[in-house]
1. Give me the residue from the stretch 319-331 that is part of a loop (DSSP other than H, G, I, E, B) and modelled with pLDDT of 95 or more and, out of that set, most open to solvent (accessible area, probe 1.4 Å).
2. Output yes when any residue across the stretch 259-268 is of a type outside the set (A, V, I, L, M, F, W, C) and within 14 Å of the ligand (Cβ to nearest atom), and no when none is.
3. Any idea which residue in the stretch 46-92 is most open to solvent (accessible area, probe 1.4 Å), counting only those that are out of contact with any Asp or Glu (no Cβ under 8 Å at 6 or more places or on another chain) and within 12 Å of the ligand (Cβ to nearest atom)?
4. Looking for something acidic (Asp, Glu) and touching a helix residue (DSSP H, G or I) at 6+ places or on another chain (Cβ under 8 Å) - is there at least one such residue anywhere in the stretch 16-35?
5. Quick test of your reading of the structure: HIS51 fulfils all but one of (1) in a helix (DSSP H, G or I); (2) more than 15 Å from the chain's Cα centre (by Cα). Name the failing condition by number.
6. It is to be established whether one or more residues within the stretch 282-289 are at pLDDT 95 or above, within 16 Å of the ligand (Cβ to nearest atom), assigned to a helix (DSSP H, G or I) and in contact with a strand residue (DSSP E or B) (Cβ under 8 Å, 6 or more places away or on another chain).
7. Out of all the residues in the stretch 186-197, is one or more open to solvent by less than 30 Å² (accessible area, probe 1.4 Å), among the aliphatic types (A, V, I, L, M) and under 25 Å from the mean Cα position of the chain (by Cα)?
8. Kindly indicate whether SER406 is at pLDDT 95 or above and in the same structural domain as GLU17 (by TED's automatic domain parsing).
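The values are calculated or read from the model by the stated rules, or taken from the named source; none is laboratory data. Remember, predicted model here, so these are calculated numbers, not experimental data. Cβ placement follows ideal geometry from the backbone for every residue including glycine, while neighbour counts extend to all protein chains displayed. Heads up: the accessible areas ignore ligands, DNA and RNA and are worked out on the full protein's heavy atoms, side chains in. Shrake-Rupley method; radii C 1.70, N 1.55, O 1.52, S 1.80 Å.
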Amino acid sequence: MTSTGFDYRAGVLHAEEVPLPTIASAVGTPTYVYCANTIRHRFHQLDQAFHGVPHHIHFAVKANSNLSILSLLRSLGAGVDIVSGGELYRALAAGFHGRDVVFSGVGKTVHEIAQALNAGVQLINIESEAELVTVNAVAERLGVIAPIAIRVNPEVTVDTPHAYIKTGEKGQKFGIPRDDVSRLVACLPDLPNVQLRGLGMHLGSQIGNADPLRDALPRLLSALEQARAAGQPIAFLDVGGGLSVPYEAHETEADIDDYARIVRAAALDTGLTLLLEPGRFLVAEAGVLLTEVLYRKHAAGKDFVVTDAGMNDLIRPALYQAYHAIDPVVITDGAVVADIVGPICESGDFFAKDRAVPDVQAGALLAVRTAGAYGFSMASNYNSRARPAEVLVDGEQFAVVGVRESQEDLVRLERAPLHWRTA
Ligand SMILES: *Cc1c(COP(=O)(O)O)cnc(C)c1O
């Protein structure tokens, strides 16, 4: 198993060369800590697997949208996959150009479409006929030709750990059902301000094996044939994201070579440039949520470990019943079976239930592992809690890449007293 960058040295968990207690002392807790070299390694691993195939890796910004993480990925040669105008703003602020951007999402507003066209994005992924017409109208108003891709819903069975992270099955809101692609292509001659440049799909997230991909690719390729037969100038084949990472000890890493073998063969046949949209794979294992134990509590025959991080900081256990490994930062003797819970007034506010953990006491630091994806990017201010700090480690150095919110920040956009207006 390749290192995540988080390893024990002399009984103390380090992020690369930096002891986590050093970061906790300097920045406080809860804090997200990311390892730059793990992200670099994952990027190169995926990039290498597609060596010899014209391809471009577009990082799914929603997995971790911190500007410094985006800049790091840009320096490696990544592009981005965005799902909102806000993500476009971030990408441009991180130094990406419009040509590095693929714009996905089922509900793009007219304003966001205009923003994307003004930025000169590489592709706008179309998810409905109505959206296609809207993109054409916005492009006409701006006097440009919008480069688009059709996101095909291949309607395959997708096996993911939670139903909320499937997207490529029949009946999902995502993509154009494969049987409707030809109807969409037939509309194109009447829409002079769009140009079909790609076909794409995204099957879901945390997909454990290659079966859905193996089923879906022929369907994507058949949609491609229809588009080509209609004379469309297709240049890109986008296979989406969804590569899985291990969260539990018994889970295995995604077989990148197997994945690449299947995708490579299909892509080479088409002669198109392959686009990949990994989010989780590039950043999940590179991050932990560093939190301090506030209290131990024993109630109704159960043990609880109460941490200073809560579901507002990391919502995956509450939202997806997701598993996160949790380790003491300083190796600790003894064992206890406990619920590890946050301070929020919700029963869903837990990181682990009935988990065997070392006998950590108040003041101990814990690392909630594999928190680099869908961690901070899903954090909220629920219970009026300021969102945590974020730290990037690179070898022996560390830097704050996201300052902890202040309590003033919590009310900054709210108004009292009110400036009433009359109708
Ligand atoms: C979320 C998303 C991704 C990334 O998914 P991961 O599971 O994080 O790799 C890629 N493409 C699209 C369109 C997405 O919505």
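1. ILE331
2. Yes: one or more hits.
3. Of everything passing the filter in the stretch 46-92, VAL83 is most open to solvent (accessible area, probe 1.4 Å).
4. yes
5. All conditions are met except number (1).
6. Within the stretch 282-289, one or more residues are at pLDDT 95 or above, within 16 Å of the ligand (Cβ to nearest atom), assigned to a helix (DSSP H, G or I) and in contact with a strand residue (DSSP E or B) (Cβ under 8 Å, 6 or more places away or on another chain).
7. No, the stretch 186-197 contains no residue that is open to solvent by less than 30 Å² (accessible area, probe 1.4 Å), among the aliphatic types (A, V, I, L, M) and under 25 Å from the mean Cα position of the chain (by Cα).
8. yes
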